[in-house]
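S.K.: Here's a structure for you.
Here, each number is a calculation from the coordinates, and none is a lab measurement. Here the structure is a predicted model, which is why all the values come from computation and not from measurement. Here Cβ is always computed from backbone atoms with ideal geometry, including for glycine, and neighbour counts include all displayed protein chains.
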Amino acid sequence: MPMAPVNGVQLYYESTGSGYPLILSHEFAGDYRSWEPQVRYFSRRYQVITYNARGYPPSEVPENVDAYSQDLAADDIVGLMRHLGLGQAHIVGLSMGGYAVLHLGLRYPTMARSLVVAGCGYGSVASERARFQQDSGQVAQRIENDGMRAVAAVYSRGPTRVQFADKDPRGWREFADQLAEHAALGAARTMQGVQGRRPAVYDLEEQLRHLHVPTLIVTGDEDEPCLEPGLFMKRMIPTAGLLVIPKSGHTINLEEPDAFNRAVAEFLTQVEAGKWGVRNPGSLSPSAILPVDVPAPGNA
C-alpha cells in the first residue's frame, strides 16, 4: 500500500499512467475513489495522482482537531509532491480539495503549472457564513454521536447533491455508500478544523489579485453557495477562466464527468501551449461599449 510521510502523518496515494503529473484533491464527502472517471480519462496522457486527505483511511486519522486546518490541507499536497519528487504539477481540486488547491496556488505558486478550482466557496457569502459555521459544528457533533453511516444518509441528500441523484441514481448511490464508509473521527475533525475554520474566499481578495498561475474555476449552476464566490474569483484572479455547468450541483466531476473532463482537458492543452494568459485589460473598460482608452461622450 503506497503511503507518503507528510507533515507528521501518513497519506495514502495512488499513481496511474505516465506523463506530466496531474494531482486530484477530493472533496469532504469523497475520497480518492471519487476521481475514478478522471483517472480513467486523464491517465491516458498524464501521470494521475490521487490521494486521501488526512482523516480519510487508509491515510492516518489524527485525533486532535488542531491537526486539521486549511493551511495543512495545502501543505499536505506540497508534501506529497515532494515525496514523489515532483517540482511542479497540474493540480485539480473539488470543494474541500478546491480550497486546498487554491491555497496551494496562493502560497506555493511555482509548484503549480495550473490550478482547477471546482465547487469552491461554501461558507464565503457574508449572509450565509454564520449559518455555515453553525451547521459545520452541528454536522461534526452528529457524526461523533450518531456515526458516519447515519449522517451520510442525510448529507448525501443535501440541496446540491439531489441533482446528481436525479441524473444518475446508480452513480449517486455509489457516492453515498462510499461516504458512509468514511472514518467518523476523521470526518468530524475535518469538518471542525478545516471547513469550520477556513477563511472566506472574499477574505483572500488581495492575494487573489496577485495570483498569476493559470486557473480554471468550475461550478454547477445549482451549486448556490459556490456561484457568487466563483464569479468573485474570476474577477479577482488575472489568469482565471470560469465555467458554469448547467443544471448541475456540487459533485460535478461525477455528476457531469464528460463535460468536466473535456473542459479540464481543453484548459490543460491551452496552458501547455502557452495560450492561457492574463486577462486582456481592454476587457475591463468602465463602458459596456467603448474601448478602455476612448473617453465617454462629454468627457473628452
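S.K.: How many nm separate the modelled label positions at His212 and Arg279, each set 7 Å beyond the Cα in the direction of the Cβ?
M.R.: 1.7 nm
S.K.: Please give me the summed charge of the neighbours of Ala240: other residues whose Cβ is under 9 Å from its Cβ, Lys and Arg +1, Asp and Glu -1. Don't skip to the answer; put the middle values down first.
M.R.: Details: positive: Lys234, Arg235, Arg279; negative: none.
Spelling it out: positives minus negatives among the neighbours equals +3.
S.K.: Does anything in the stretch 117-135 have its amide N under 17 Å from the 7 Å Cα→Cβ label point of Leu227, and if so which residues?
M.R.: Backbone N within reach: 119-129.
S.K.: Taking GluC sites (Glu not before Pro) as exposed when DSSP calls them loop (any state but H, G, I, E, B) and at most 14 other Cβ atoms lie within 10 Å, what is the longest stretch of the chain free of them, the sites themselves excluded? Each step should come with its number before you reach the end.
M.R.: Working: sites that count: Glu63, Glu181.
Answer from the scan: 182-300.
S.K.: May I pose another question? What is the Cα convex hull volume of the chain when expressed per residue in Å³?
M.R.: On the way: hull volume 40.7 nm³, N = 300.
Cα convex hull per residue, to the nearest whole number: 136 Å³.
S.K.: Where does helix 126-146 land angle-wise versus the long Cα axis of the chain, in degrees 0 to 90, nearest 10?
M.R.: Compared with the principal axis, the helix lies near 10 degrees.
S.K.: Going by Cα centres, the stretch 1-27 and the stretch 80-97 are how many Å apart?
M.R.: Distance between centres, Cα-based: 8 Å.
S.K.: For the stretch 255-265, what does the Karplus curve 6.51 cos²θ - 1.76 cosθ + 1.60, with θ = phi - 60°, yield as ³J(HN,Hα) per residue in whole Hz, taken in order and with x for Gly and Pro?
M.R.: 5, 10, x, 5, 5, 5, 5, 4, 5, 5, 4
S.K.: In addition: For n ≥ 4 DSSP H runs only, could you compute -39500 (n - 2.57) per run for the chain, divide by its residues and tell me the 222 nm figure to the nearest 500? Could you put the intermediate results ahead of the total?
M.R.: Working: 12 runs with 125 residues, N = 300.
About -12500 deg cm²/dmol.
S.K.: Counting Lys +1, Arg +1, Asp -1, Glu -1, what net charge surrounds Thr269 among other residues with beta carbon under 14 Å of its beta carbon? Spell out each step's value before the answer.
M.R.: Details: positive: Arg44, Arg45, Arg113, Arg262, Lys275; negative: Glu266, Glu272.
Residues close to Thr269 contribute a combined charge of +3.
S.K.: Another question, if that's okay. How tilted is helix 224-236 with respect to the longest principal axis of the chain? Cα atoms for both, answer in degrees (0 to 90, nearest 10).
M.R.: The helix 224-236 is inclined about 40 degrees to the chain.
S.K.: Now a separate question. Return Ser248, Ser69, Ser127 ranked ascending by Cβ neighbour count within 10 Å, so the fewest neighbours appear first.
M.R.: Working: Ser248 23, Ser69 15, Ser127 6.
In increasing order of surrounding Cβ atoms, one gets Ser127, Ser69, Ser248.
S.K.: Which angle from 0 to 90°, rounded to the nearest 10, does the C-alpha axis of helix 70-83 make with the longest principal axis of the chain?
M.R.: 80 degrees
S.K.: Another question, if that's okay. If I stretch the segment between Asp203 and Asp166 completely, what's the gain in nm (0.36 nm per residue apart, minus their alpha carbon distance), one decimal? Mind dumping the intermediate values first?
M.R.: Working: separation 37, 0.36 × 37 = 13.32 nm, distance 3.47 nm.
Between Asp203 and Asp166, full extension yields an extra 9.9 nm.
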